[in-house]
């Protein structure tokens, strides 16, 4: 079977699973994955679908605004779930179980909102390659991930989204702001706000599709695509970036020569004798 046929078969499976339910609630970030899932749910169930977006200090305000806009474009009822995740000690201490407790809290809140609806999330098959303890929390609470269960990979989801003319087909991957901090670094409102402001400023200056600013105490470590290195090292732009980052309180500004990659803070968890990515200790 050609690849296009395989993708259509996966989508047919997703639609079939959705049709098994009377009502669903989609955990909706406004990103590429959850937008495709929401569109498929709407196509199958019509008004029996609701989208719920988490509003918290760990989520950039722009994400909530985009989610509201996209849900309105799709004609889907949109609800917000305000949660102060930094007030939760199990999240704020930021150990390796942070994502588990974060998802446990958020999905529990969604289940309380859902009444008789089934909660769905947009996890995809490519997510299995990364460390994602939140998946366990989702399974414990009965949350289903139809895209992942059907084997849809990230690039397939982007291709489908483009075919469906969804505005998110080329939206960069997004992750909560806690992923900018090394495990074991306690989270605070001030630290998270500083990261968010500095990252947004650098993004505006460099205008690159994907960028992360990782917090290491007084040092901000920038991850950008390697092909954007020449732009960053232009003297005028470099000074703009340094000034913008220092404005958020950082003393040192570094550039990671490995470039942007999703989940880089998880690399220390994968350290082995043959794969010493965790560095010198």
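Going by the conditions given, is residue 147 more than 17 Å from the chain's Cα centre (by Cα) and crowded, with 20+ Cβ neighbours inside 10 Å? Even if it seems obvious, please write down each step before you answer.
Values: more than 17 Å from the chain's Cα centre (by Cα): no; crowded, with 20+ Cβ neighbours inside 10 Å: yes.
For residue 147, the condition - more than 17 Å from the chain's Cα centre (by Cα) and crowded, with 20+ Cβ neighbours inside 10 Å - is not met.
Can we say residue 18 is surrounded by fewer than 17 Cβ atoms within 10 Å (Cβ to Cβ), in contact (Cβ under 8 Å) with a residue 12 or more places away in the chain and touching a strand residue (DSSP E or B) at 6+ places or on another chain (Cβ under 7 Å)?
no
Given the residues 86, 38, 58, which is the only one that is under 23 Å from residue 111 (Cβ atoms), in contact with a strand residue (DSSP E or B) (Cβ under 9 Å, 6 or more places away or on another chain) and modelled with pLDDT of 95 or more?
The unique qualifying residue is 38.
When residue 113 is evaluated against the numbered criteria (1) in a loop (DSSP other than H, G, I, E, B); (2) farther than 21 Å from residue 184 by Cα, which criterion, by number, is the only one it fails?
(1)
Tally time: how many residues in the range 158-189 are over 17 Å from the mean Cα position of the chain (by Cα) and free of Cβ contacts under 8 Å to residues at least 40 places away in the same chain?
3
The values are calculated or read from the model by the stated rules, or taken from the named source; none is laboratory data. Predicted model only: the values in this text are computed from it and were never measured. Every residue, glycine among them, receives a Cβ derived from its backbone with ideal geometry; neighbour counts consider all protein chains shown.
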